[in-house]
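The values are calculated or read from the model by the stated rules, or taken from the named source; none is laboratory data. In this text, all values refer to a predicted model and were calculated from it rather than measured experimentally. Reconstructed Cβ throughout: ideal geometry from the backbone, glycine too, with neighbour counts over all protein chains shown. Note: accessible area is taken over every heavy atom of the protein model, side chains too, but ligands, DNA and RNA are not part of it. Shrake-Rupley method; radii C 1.70, N 1.55, O 1.52, S 1.80 Å.
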Amino acid sequence: QVQLEESGGGLVQAGGSLRLSCAASGKIFDVNNMGWYRQVPGKQRDLVATIFSGGSTNYVDTVRGRFTISRARDNGKNMVYLQMDSLKPEDTAVYYCKAHVSPYGLAYDEYWGQGTQVTVSS
């Protein structure tokens with residue numbers, strides 16, 4: 001019913017940039033908060049950045065000032081982006097987007113994308 005699809009991951013050298021995109025589509029009445037998380041093997045999935053429906057944002061300390069989260073409507077899809085600058089090897093992870101979606105105008109549920117790999121070489 002609701003699908004989230006990430007794109008934009010890849011391999012980049014330290015100091016470089018990548019821009020992740022996530023498209024939410026399907027049965028969607030409203031989208032509330034959207035965010036990006038990341039996970040490395042053997043560790044829990046951690047929050048990176050959140051953007052609220054009003055446009056305010058929140059970042060984990062380790063990425064603040066380097067990453068920028070934004071959202072937009074594009075061709076009828078709800079998009080969330082993560083611009084990642086000054087990348088470091090420790091940013092290497094699988095990045096997931098998450099959205100709080102109300103499919104029918106009632107309750108909101110969490111939906112996740114399938115993840116996209118970001119690898120930063122030193």
Item to complete: Determine whether region 12-22 contains at least one residue that is surrounded by fewer than 13 Cβ atoms within 10 Å (Cβ to Cβ), in contact with an Asp or Glu (Cβ under 8 Å, 6 or more places away or on another chain) and either in a strand (DSSP E or B) or of a type in the set (S, T, N, Q) (or both).
Response: yes
Worksheet item: In the list 35, 115, which residue meets the criterion of being on the phi > 0 side of the Ramachandran plot and surrounded by 14 or more Cβ atoms within 10 Å (Cβ to Cβ)?
Response: 115
Item to complete: Give the residue that is most open to solvent (accessible area, probe 1.4 Å), with candidates limited to residues of region 1-11 that are under 14 Å from residue 96 (Cα atoms), assigned to a strand (DSSP E or B) and touching a strand residue (DSSP E or B) at 6+ places or on another chain (Cβ under 6 Å).
Response: 5
Practice prompt. May I ask you to list the residues in region 84-106 that are at pLDDT 95 or above, open to solvent by 60 Å² or more (accessible area, probe 1.4 Å) and on the phi < 0 side of the Ramachandran plot?
Written response: 88, 90
Worksheet item: Just to be sure, is residue 70 under 26 Å from residue 13 (Cα atoms), open to solvent by less than 70 Å² (accessible area, probe 1.4 Å), assigned to a loop (DSSP other than H, G, I, E, B) and not hydrophobic (A, V, I, L, M, F, W, C)?
Response: no
Worksheet item: Between a first residue in region 95-112 that is among the basic types (Lys, Arg) and a second residue that is part of a strand (DSSP E or B) and surrounded by fewer than 16 Cβ atoms within 10 Å (Cβ to Cβ), which pairs have beta carbons less than 8 Å apart while being 6 or more apart in sequence or on different chains?
Response: 98/110; 98/112
Worksheet item: Just wondering, is there one or more residues in region 30-41 that are among the β-branched types (Val, Ile, Thr) and more than 23 Å from residue 107 (Cα to Cα)?
Response: yes
Practice prompt. Pick out the one residue from 94, 80 that is under 22 Å from residue 11 (Cβ atoms) and either assigned to a helix (DSSP H, G or I) or among the hydrophobic types (A, V, I, L, M, F, W, C) (or both).
Written response: 94
Worksheet item: How many residues are surrounded by fewer than 14 Cβ atoms within 10 Å (Cβ to Cβ) and outside any strand (DSSP E or B) if we restrict to region 38-67?
Response: 12
Worksheet item: Consider residue 33 against the criteria (1) assigned to a strand (DSSP E or B); (2) more than 16 Å from the chain's Cα centre (by Cα): it satisfies all of them except one. Which criterion is unmet?
Response: (2)
